[in-house]
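The values are calculated or read from the model by the stated rules, or taken from the named source; none is laboratory data. Source: prediction; values computed, not measured. No Cβ is skipped: glycine too gets one built from the backbone with ideal geometry, and neighbour counts run over all protein chains shown. These accessible areas exclude ligands, DNA and RNA; they are computed on the full protein's heavy atoms, side chains included. Shrake-Rupley method; radii C 1.70, N 1.55, O 1.52, S 1.80 Å.
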Amino acid sequence: MEFLGIVDRAGDGGFAVVIGTKDVPDVGERVFDSKKNKIGTVKRIFGPIEEPFITVAVDDPAVLKGLTGKEVYTARRAQNGKDKRRNRRN
């Protein structure tokens, strides 16, 4: 798991805003807390390049209450071979 950032705000609509690092995740990646519990998924990335803001759609809105100021992590999805080219001559 890789460090994603620190939760800055938690909204009422089931979203949390994370101040991220320069290593920006892909939209749709899963987000976890420090205990490796799944919190939600990355929905939007915006803001400055140095410290982008990352919107996380939270699975359970009850989790939002204790989330502000906490560190969150992401698990990078492995490429499943779609970017690789095959030799079509064989």
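Tallying residues that are over 12 Å from A75 (Cβ atoms), open to solvent by 40 Å² or more (accessible area, probe 1.4 Å) and either without any contact (Cβ under 8 Å) to a residue 24 or more places away in the chain or assigned to a strand (DSSP E or B) (or both) within the range 38-60 yields 9.
Filtering the range 11-32 to residues that are modelled with pLDDT of 90 or more and in contact with a helix residue (DSSP H, G or I) (Cβ under 8 Å, 6 or more places away or on another chain) leaves only A16. Could you count how many residues in the range 1-37 are under 15 Å from E71 (Cβ atoms), without any contact (Cβ under 8 Å) to a residue 40 or more places away in the chain and loosely packed, with under 14 Cβ neighbours inside 10 Å? Count: 5.
Can you tell me which residues in the range 1-20 are in contact with a strand residue (DSSP E or B) (Cβ under 6 Å, 6 or more places away or on another chain) and either assigned to a loop (DSSP other than H, G, I, E, B) or basic (K, R) (or both)? Matches in the range 1-20: M1, R9, G14.
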